[in-house]
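**Student:** First, the structure itself, so that you have it in front of you.
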Amino acid sequence: MSRPLETQTQKIESAILRWRIDHVFFWLTYAWTYSVLFPLGEGRVQSFVIANGLLLFHALVAYFNNDYLIPRLLLARNYLLYILSLGLAIVSVCFPLSIVVHIVVENEELQTLIWSDSFFLFLIINVIFTVITTMVLKLVKQWYSDQKTTKDLQQEQLQTELKFLKSQINPHFLFNSLNNLYALTLSKSDSAPEVVLRLSNILRYILYESNEGYVSVRKEMEHVKDYVAVEKLRLGMGVTIDIDIDDAIQDDPVEPMLFLTLVENAFKHSEDILPEKRFIRIHAKSLDTGFRFLIENTFSPSKRGSETGGIGLENIKKRLNLIYPNQHDIKSSTADGVYRVDLIIKL
């Protein structure tokens, strides 16, 4: 129990330290600027010391405004009471400010002006300027903090949604793969051992490697080849399967399970077609600005258009919108009993 408390205490102490450093730096810089613009001492050092003393009164109003008036009155839209309270606070510090100036300033000509209306107005304007400056800095800092929090929440939501979408893919893919193996074992096919080996590679990729973040396009294509090989063994020679994967494909990082899911969909949604009329074509090529993956498969025209792509395609579109916003182009079409998906990703 003590360790979490110690960690929390350390975080609080670190935040307080950062706050102190930021605020001390601001007031020292502000005092130096004030002493240059309004030198009230005999030299730079004396003017700087006097400026620090005068700005203590400015700081009282500034912190009162930032920490109390803004959150309780301004943000609550109680504008009239906010203006009255701030005005009263400014006027209240101007009287002691006049006394301090009268004490520390040795210039007799300036001392004669201290109790005049013009000098009092000068002090009010000075304090108002300080209050506005600190208020703007606080609001900008708060806006930046809110933006960062919003961005962090959006990133967290993005990761959560991606994990959910991946959790939909993996069991679905595993179920179909086991069905393929089951069909081969029922027929006592000699290809079953090779299918087990290839499925093992695919499942290792799905369950482990695909959860580590991005994978290389080359690795994704290797597992596409494995999956196609498994389907060829299962379906036999009756189905036409053409696969053309560019040998020049690089190791650019890509979101895993995008192309593999498209291939799975193509095989799944062409099952109603007679073997001799059934085909799947896969074309993958590197582009100057990214990667293109084109896949075509026969399907039954009696099926509704929304069913040809299935959940897998909708899942892919959601993931693309989350991971590659404005960096991808995916088009799907049906014509003459052929379903076509053309995906281009800028990598």
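Every read-out reported here was derived from the displayed coordinates using simple, explicitly stated rules and does not represent laboratory data. These numbers come from a predicted model, not from an experiment. Every residue, glycine as well, gets a Cβ built from its backbone with ideal geometry; the counts of neighbours run over all protein chains shown.
**Student:** Within 10 Å, count the other beta carbons around each residue, average over each peptide in 242-252, 223-233, 259-269, 87-97, and list them highest first.
**Tutor:** 259-269, 223-233, 87-97, 242-252
**Student:** Structure shown: which of Lys318/Lys346; Lys285/Lys331; Lys268/Lys317; Lys151/Lys331; Lys232/Lys277; Lys151/Lys318 lie over 23 Å apart, alpha-carbon to alpha-carbon?
**Tutor:** Lys151/Lys331
**Student:** Around Lys346, what is the net charge, scoring Lys/Arg as +1 and Asp/Glu as -1 over all other residues with Cβ under 13 Å from its Cβ?
**Tutor:** Net charge in that neighbourhood comes out at -3.
**Student:** Shifting gears a bit: With only alpha-carbon pairs counted, each pair once and no self-pairs, how large is the Kirkwood hydrodynamic radius of the range 189-346 in angstroms?
**Tutor:** The answer is 16.2 Å.
**Student:** Would you pull out the residues with amide H under 5 Å of Asp252's amide H, same chain only if 5 or more places away, H placed 1.01 Å from N?
**Tutor:** Amide H neighbours of Asp252, under 5 Å, 5+ apart: Val217, Arg218.
**Student:** From the phi of every residue in the range 281-290, what ³J(HN,Hα) in whole Hz does the Karplus formula 6.51 cos²θ - 1.76 cosθ + 1.60 yield, where θ is phi - 60° and glycine or proline is x?
**Tutor:** Values, residue by residue: 10, 10, 9, 10, 8, 6, 10, 4, 10, x Hz.
**Student:** Another question about this same structure. Can you tell me the equivalent ellipsoid semi-axes for the range 228-275? Use √(5λ) from the Cα gyration tensor, largest first, whole Å.
**Tutor:** Taking √(5λ) for each Cα gyration eigenvalue gives 25, 14, 8 Å.
**Student:** Do any trypsin sites (Lys or Arg not before Pro) in the range 28-109 lie in a DSSP loop with no more than 14 other beta carbon atoms within 10 Å, and if so, which?
**Tutor:** Those satisfying the criteria are Arg77.
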